[in-house]
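What follows draws every value from the coordinates through simple rules; no lab data is involved. Because the structure is predicted, anything quoted here is derived from the model rather than measured. Note that we place each Cβ from the backbone using ideal geometry, even for glycine, and neighbour counts take in every protein chain shown.
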Amino acid sequence: MIPFNNLSQLPAGAVSEMHEALDRVLASGHWILGGEVERFERLWAATCGAAHAVGTGNGLDAIEIALRAAGIGPGDEVITTPMTALATILAITRAEAVPVLADIDPRTALLDPESIQRCVGPRTRALIPVHLYGNAAMARKWADLADQFQLILIEDCAQAHLASLDGRSVGTFGVAGAFSFYPTKNLGALGDAGALITCDEDLADTARRLRNYGQRDRYHHEVAGLNSRLDELQAALLQVRLQHLAAENERRVSIAAQLRAGLTNPRIELLDAPTDPSAHVYHLFVIRCEERNELARHLQQRGVGALIHYPIPAHLQPPFLGIRRDPHGLAASERHAAHCLSLPCNPTLSDDDVAAILDAANAFCH
Ligand SMILES: *Cc1c(COP(=O)(O)O)cnc(C)c1O
């Protein structure tokens, strides 16, 4: 079986480095918000070219904290996409703001600027685009749009670690970028973890307070915060994983190029690749097929594990059936959800694995 993810196969050298990190934390007697978290935050901010990083418990919290630290709250409308992990929408409602869904451009599955414009109203305060599947191709266009309509831009970078456009990292196009280090992400912890990055010192300070009950000093609470602290162990392990991230992303990009070049089945439709090759870090390699479910079954029988991201767009999930949306509807998202399929594209795949994926996909006829 060619697995979709293969988390037990770590890069060469990483296992012993992770054992050392674990020993270091064990010996320190300090488990929450200490030197390891500070070191990881400095490293992550520098890696992304941001002034500050603030570790959080997970990616959902990083988005919520970014919104709240940016002053978004009750009654404020925040535009985002229905084609995302539901966490993006949940972060907006948890910040007590009102999500509004714009449609995607079918060529990339990324938020469509024209649909975003149709969603802007008098209460619109922020835009949270998602660099879906690892593709940062639209970062500049979304930032320009946010400028034009005076919206606060917060990028959901949970799938796009180290993706950059014209030399600029995701998460630095707006006031803040939110990352998840969920184990399957390009940079993954051994449990839940997240962070936000920003160049705004006040926003970083507020975020640091919000993640820790809203306290500035111990037992002095300035705002009603939450508990979303990154722990020392995950921060120490993430420092190790970070050393391998660029190479792992490179492998993903190379696998994606092989898949793109080798898929010849006319039933399979590719998404557009960005013109800047650094803009896509292929968290997922997604194709479309009219007979998607049959293709998934066919691949399964041939030993290829494929998954769907995402089968149900946010506005068709029970808690969000009445959610505000583009007045023209969200037809492109619905069509994409019905036909998209993610082929394995993780850095542990060998060239033989990639050839086997291509053989299986190209042999599909229905
Ligand atoms: C994974 C993910 C999140 C949420 O991250 P968690 O760490 O699971 O909370 C948010 N947005 C997107 C696009 C994601 O892929």
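A few comments on the model shown:
- Those trypsin sites (Lys or Arg not before Pro) in the range 1-108 that DSSP places in a loop and that have at most 14 other beta carbons within 10 Å: Arg107
- Ellipticity at 222 nm from helices only: DSSP H runs of n ≥ 4 in the chain, each -39500 (n - 2.57), divided by the residue count, give -11500 deg cm²/dmol.
- For the range 26-48 versus the range 281-332, the spacing of their alpha-carbon centroids is 36 Å.
- The alpha carbon convex hull volume per residue for the range 33-167 rounds to 107 Å³.
- Selected from Tyr182, Tyr213, Tyr282 as most flexible by GNM, with the chain as the system and alpha-carbon contacts under 10 Å: Tyr213
- Where chymotrypsin sites (Phe, Trp or Tyr not before Pro) fall in DSSP loop in the range 1-96, at most 15 other Cβ within 10 Å: Trp31
- Diagonalising the gyration tensor over the Cα atoms of the range 245-366 and scaling each eigenvalue by 5 before taking the square root yields semi-axes of 27, 19, 13 Å, largest first.
- Amide hydrogen neighbours beyond the local backbone of Ile104, cut-off 5 Å, H modeled: Asp112, Ala332, Ser333
- Per the Kirkwood formula applied to alpha carbons, the range 257-303 shows a radius of gyration over Rh ratio, Rg over Rh, of 1.01.
- For Cys157, Cys48, Cys345, order by how many other beta-carbon atoms lie within 10 Å, fewest first: Cys48, Cys345, Cys157
- Student exercise, the range 177-318 dipole from Lys, Arg, Asp, Glu Cβ charges, in Debye to nearest 20: 480 debye
- Trypsin sites (Lys or Arg not before Pro) within the range 174-268: DSSP coil, no more than 14 neighbouring Cβ in 10 Å: Arg218
- Cα convex hull of the chain, projected area averaged across orientations, nm²: 18.0 nm²
- Divided by 2.2 N^0.38 Å, where N counts the residues, the Cα radius of gyration of the range 320-366 comes to 1.82.
- Relative contact order for the chain, counting Cα pairs under 8 Å that sit 6 or more residues apart, in percent: 23 percent
- Counting neighbouring beta carbons within 10 Å and listing from fewest to most, the residues Met83, Met138 come out as Met138, Met83.
- Centroid-to-centroid separation of the range 185-247 and the range 81-134 [C-alpha atoms, Å]: 24 Å
- Its Cα gyration tensor gives the range 1-86 an equivalent ellipsoid, and the semi-axes of that ellipsoid, as √(5λ) in whole Å with the largest first, are 31, 22, 12.
- Whole-number D in µm² s⁻¹ for the range 97-183, Kirkwood Cα-pair radius fed into Stokes-Einstein, 4 °C, 1.567 mPa s: 99 µm²/s
- Three-way shape call for the range 120-247 based on the alpha-carbon gyration tensor, with the a/c threshold at 1.5: oblate
- Note: the range 74-118, Cα convex hull, 53 Å³ per residue.
- Extents of the range 183-326, largest first, come to 63, 44, 32 Å (Cα atoms, principal axes, whole angstrom).
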